[in-house]
Structure formats: structure tokens, C-alpha cells
Amino acid sequence: MFTPGRIAFIIFFVVTFVSILIYSYIKDKGLHSRYYKGTLFVLLGFFIFIISLIFLRFFWRDESLLNLIRNMMGNS
């Protein structure tokens, strides 16, 4: 399915793309600290919101979250 040419292209693409991302981030690091203050709190709030939605989903189901975790681990 993956020929050697495709594998070489994937490796080249990933290395080049990550290198450009790192270069761009380093170049704009000064602007980030000036214009994007407080974004860490927005990210933290987003994660708390997503985690609370996941827990509420299992809270309002017949099956509890603990039973689901036990079933995923293979213990009945």
C-alpha cells in the first residue's frame, strides 16, 4: 500500500511542515506574548467545559461511568 516513494514523501513533508511551524512560532513569539495574554485561561475553560460534558453524559445515563470504565478494562 505504501511504496518507498510515498514513505519518503511523507517523511519529507512532515519534517518540512514541522520545521516551518517551529520557525514561524519562534519568529512571532514576541507578538504572541503581547497580543494573546490570557489565552491560557480560555484554553483551560474549554477543557473544563468538554470534560464536564463528558461526565454529564455518563451521569444522566443508566450505566454509571465507573461501570463503563470497568467494562473497558475487561473486569465485569
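In this structure, is Phe12 over 21 Å from the mean Cα position of the chain (by Cα), at negative phi, modelled with pLDDT under 90 and open to solvent by 80 Å² or more (accessible area, probe 1.4 Å)? Judged against the criteria, Phe12 is not a match.
Going through region 15-30 one residue at a time, which ones are at pLDDT 85 or above, in a helix (DSSP H, G or I) and not aromatic (Phe, Trp, Tyr)? Selection gives Val15, Thr16, Val18, Ser19, Ile20, Leu21, Ile22, Ser24, Ile26, Lys27, Lys29. Within the span defined as region 43-62, every residue fails to be surrounded by 10 or more Cβ atoms within 10 Å (Cβ to Cβ) and in contact with a Phe, Trp or Tyr (Cβ under 9 Å, 6 or more places away or on another chain).
Does Phe41 qualify as being under 30 Å from Arg70 (Cβ atoms), in a helix (DSSP H, G or I) and out of contact with any His (no Cβ under 9 Å at 6 or more places or on another chain)? Answer is no for this residue.
The values are calculated or read from the model by the stated rules, or taken from the named source; none is laboratory data. Just so it is clear, the structure is predicted and the values come from calculations on it, not from any experiment. Positions of Cβ are generated from backbone atoms using ideal geometry, with glycine treated the same way; all protein chains shown enter the neighbour counts. Only protein heavy atoms, including side chains, enter the accessible area calculation; ligands, DNA and RNA are left aside. Shrake-Rupley method; radii C 1.70, N 1.55, O 1.52, S 1.80 Å.
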